[in-house]
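Every number in this text was worked out from the coordinates using simple rules, so none of it is lab data. All values derive from a computational prediction rather than experimental measurement. Ideal geometry is used to build each Cβ from the backbone, glycine not excepted, and the neighbour counts take in all protein chains shown.
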Amino acid sequence: MSEFNTPPPRGMAPTDQRDGMGLIRRARAFVVPAALVLFWESVARAGWVSPQMLPSPGELLGTLASLVDNGTLLAHAGSSSLRVLIGFIIGTGLAVAIGGAVGLSRRTEALLDPSLQALRAIPALAWVPLLLMWLGTDEAPKLALIALGAFFPVYLEFVAGIRNVDRKLVEIGGIHGLTGCRLVCRVFLPAALPQLFAGLRMSLSLSWMFLVAAELTGTTRGLGRLLAEGREGSHADLVIVAIVTLAVLGKTSDSLLRWLASRLLDWRDVVDTRPL
């Protein structure tokens, strides 16, 4: 009978307890937003701030419902999400390819890295006039700006991840006959994946930030356009709804990336030492 009552391994809580911990962590995520909304509503009801400057949460819900009902918000959010997705894929794809070459080859590093580090020091908005002159005012300059923002975090993290691979792992791979592409795929890439995903999360966040700068340069559809309309018409409710939508989309995309990372990195033997 004792074999059926074996306690869980040391440091591992029972399933019910772990489920309870997960629920507590998820509930904590809503504490700060809920407190902020309550404070916001109190300030609005007390009349401390003009409704034209800071509409109450109730008024914002009305604006949100109107934009959702007529399809405006969905159209703007869909266009912005597609731009972020395309720009993110282009920027991170180039970063992985170039970062892999730089991390694995000292000659490639000497050839490319100094120029890339110099380009990284240029403020992103400084590229806007040049991109508009080169690519016009259609989608191309917007995608290029987003891709530029997504490139450098992945490049830096992937190069660092490759360089930080434990020498013992490489030696063991050599003992087992791994060379060339097989060594890269079986040793270097898995060992660099944690830092690569850290770079991907930073790149995704920057992609949403660069999106707004790109769409403010001129577009007929997108959350940046909604921000511009709110600013031009002094409609603070439109501006805040657009900002909240950007926050929700950014958080949702980051959560999806975290989920993907947890699936691909579940082979790691790590311990979650965070207290409740």
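Springs between Cα atoms under 10 Å define the GNM used for the chain, and in it the highest mean-square fluctuation of 168, 251, 142 occurs at 168.
Treat the count of other C-beta atoms within 10 Å as a stand-in for reagent exposure and order 127, 40 from fewest to most.
On the way: 127 19, 40 16.
So the ranking, lowest neighbour count to highest, is 40, 127.
Among 234, 79, a tally of other beta-carbon atoms within 10 Å of each Cβ gives an order, fewest to most, of 234, 79. Each residue of segment 167-176 was assigned a 3J(HN,Hα) from its phi angle through the Karplus expression (A = 6.51, B = -1.76, C = 1.60, θ = phi - 60°), giving 4, 5, 5, 5, 5, 5, x, x, 4, 8 Hz with x at Gly and Pro. Residue order for 88, 152, fewest other beta carbons within 10 angstrom first, comes to 152, 88. Start at zero, step by 5 Å, and the Cα-Cα distances of segment 148-214 spread as 4, 18, 21, 17, 13, 10, 7, 5, 3, 1, 0 percent across the bins.
Note that segment 113-126 has calculated 3J(HN,Hα) couplings of 4, x, 5, 5, 5, 5, 5, 5, 6, 7, x, 4, 5, 5 Hz, one per residue in order, obtained from phi through the Karplus relation 6.51 cos²θ - 1.76 cosθ + 1.60 (θ = phi - 60°); glycine and proline are x.
Two numbers describe the Cα atoms of segment 56-264: Rg and Dmax, which are 20.5, 69 Å.
Explain nothing, just the number: relative contact order of the chain, from Cα pairs under 8 Å at least 6 residues apart, as a whole percent.
Details: 255 pairs, mean separation 60.0, N = 276.
In percent, rounded to a whole number, it is 22.
Our estimate of slack between residue 263 and residue 105, defined as 0.36 nm per intervening residue step minus the Cα-Cα distance, is 53.9 nm.
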